[in-house]
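Step one of this worksheet: look at the structure below.
What follows draws every value from the coordinates through simple rules; no lab data is involved. Small disclaimer: the values here were computed from a predicted structure and weren't measured. Backbone-built Cβ (ideal geometry, glycine too); neighbour counts: all protein chains shown.
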Amino acid sequence: MAPTYTAPEVLNDEQLIFQLSVTDTSGQSATDSVQVTVSNDDPPIAYAGTDQAVSEGDFVSLDGSGSSDDIAVVSYRWVQASGTTATLSDATLVNPTFTSPVIRSDEVLTFQLTVNDIGGQTSSDTVQIFIAASTPYSYSGDTKAIIDANCVDCHAPGGRKASSPMTTYAEFMLYASDAAVNIESGSMPKPPGSLSAADIAIMLDWIGGGSPEN
Ligand code: HEC
């Protein structure tokens, strides 16, 4: 009375016509037909975007907008397949973003995109993001100048904080880990002094990397 069937694969949209005949107990019969349109729904094609080369700490956008389907792509899902974990803004967006993670040496992160079409068919593609580790900062080349310009006013003989001088590498190293905390919280340098965001990043990166004396 209620048979079922699986719609066949078709190359183009097609009409199927089913005819039903019923016969009653006295042998009288009648027929009717029903028309079913089977549309041709191709699977989607996932496209995770072109590979990118970025630097540590860069803002990165993934781009799945090149994915296609003959009817419609209805969902996107990104999964990181390799590399230091990056936190995606939203793994179900067509264009999720992330900040490239802090890494020790150059790395490749791989992300896999899976898309679904309206018929539930799926397809996947991967994209590679090459991350260049930033060059380690050095005392002589980077941080001595920042300390000289922002700290030794007070942290030197004759200054407000002459008891903790920071005029040489060895002197600074006695306070390096405290300095990182104070710089990060903004309590050093004392007002009216202040460090630019770039100088803060350099100081923290240098101290965090073991404050090399090079
Ligand atoms: C305007 C003066 C002044 C400047 C500029 C200054 N400091 Fe200080 N610093 C002080 C004083 C005074 C103290 C003592 C604690 C307090 O009063 O908060 C101190 C304390 C510290 C301490 C805690 C250890 C200690 O000696 O007591 C660290 C670490 C420190 N400063 C790092 C820095 C760094 C790094 C810079 C530059 C980025 C800097 N300070 C710039 C005045 C200054």
Worksheet entry | segment 192-214 versus segment 149-170: alpha-carbon centroid distance in Å | 16 Å
Worksheet entry | Local net charge near Val36, Cβ-Cβ under 12 Å (Lys/Arg +1, Asp/Glu -1) | -2
Worksheet item: Just the C-alpha atoms of the chain: what Rg/Rh do they give, with Rh taken as the Kirkwood radius?
Response: 1.41
Practice prompt. Treating the angle as unsigned and between 0 and 90°, give the value, to the nearest 10°, between the Cα long axis of helix 176-185 and the longest Cα principal axis of the chain.
Written response: 60 degrees
Worksheet item: Relative to the first principal axis of the alpha-carbon coordinates of the chain, what is the inclination of helix 197-208, with its axis defined by its Cα atoms, in degrees from 0 to 90 and to the nearest 10?
Response: 80 degrees
Worksheet, complete the sentence: Quick calc: nm separation of the 7 Å Cα→Cβ label points for Ser75 and Thr110 -> 2.4 nm
Item to complete: Indicate, rounded to the nearest 5 percent, the antiparallel portion of the DSSP beta bridges found entirely in the chain.
Response: 90 percent
Practice prompt. Please report the Cα spread of segment 52-132 along all three principal axes, rounded to whole Å, starting with the longest.
Written response: 44, 17, 17
Response to the item:
Within segment 52-132, the percent of DSSP beta bridges that are antiparallel, given to the nearest 5, stands at 85 percent
Worksheet item: For Ser68 and Ser185 in one chain, what is 0.36 nm times their gap in residues minus the Cα-Cα distance, to one decimal in nm?
Response: 37.4 nm
Fill in: Kirkwood Rh in Å, taken over all unlike Cα pairs in segment 139-208
11.9 Å
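Could you work out [θ]222 nm for the chain from helices alone, using -39500 (n - 2.57) per DSSP H run of at least four and dividing by all its residues? Round to the nearest 500 deg cm²/dmol.
Calculated mean residue ellipticity at 222 nm is -4500 deg cm²/dmol.
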Worksheet entry | 3J(HN,Hα) from dihedral phi, segment 25-37, Karplus parametrisation 6.51/-1.76/1.60, rounded to Hz, x for glycine, proline | 5, 8, x, 7, 10, 8, 10, 8, 10, 10, 10, 10, 8
Item to complete: With r as the distance between the Cβ atoms of Ser194 and Leu174 and R0 = 22 Å, compute the FRET efficiency 1/(1 + (r/R0)^6) and round to 0.05.
Response: 0.40
Worksheet item: Around Ile118, which amide H atoms from residues at least 5 apart in sequence, or from another chain, sit under 5 Å from its own amide H, with H modelled in the peptide plane?
Response: Ala72, Val74
